[in-house]
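Worksheet: one structure, shown below.
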Amino acid sequence: MLPLAIPLNDDTVSPGFLGFGVFLALAVATVFLVRSMNKQMKKIQAPREADLKQQEWERAQAARAAADKPADDA
């Protein structure tokens, strides 16, 4: 076995430029993903409370009309 030229310890081992580059790339990708997500969230049209109540009322009226309508016997 060949002895190591520099002994490894906490002072000599570091992530270096490669580790910094990977960290920087992940940070930039995260920023772009968050910006894209915000754009997509702004496009969403959430129904308002009044719209939901109107739809519920219309469904109740349709169900009541269907129940009141006599069935045709063929």
Could you list all residues from the range 8-39 that are open to solvent by 100 Å² or more (accessible area, probe 1.4 Å) and part of a helix (DSSP H, G or I)?
Phe17, Leu18, Phe20, Phe23, Leu26, Phe32, Leu33, Arg35, Met37, Lys39
Of all the residues that make up the range 4-39, how many are modelled with pLDDT of 95 or more and aliphatic (A, V, I, L, M)?
11
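The values are calculated or read from the model by the stated rules, or taken from the named source; none is laboratory data. The structure presented is a predicted model; accordingly, all values stated were derived computationally and were not measured. The accessibility values were calculated without ligands, DNA or RNA, using every heavy atom of the protein model including side chains. Shrake-Rupley method; radii C 1.70, N 1.55, O 1.52, S 1.80 Å.
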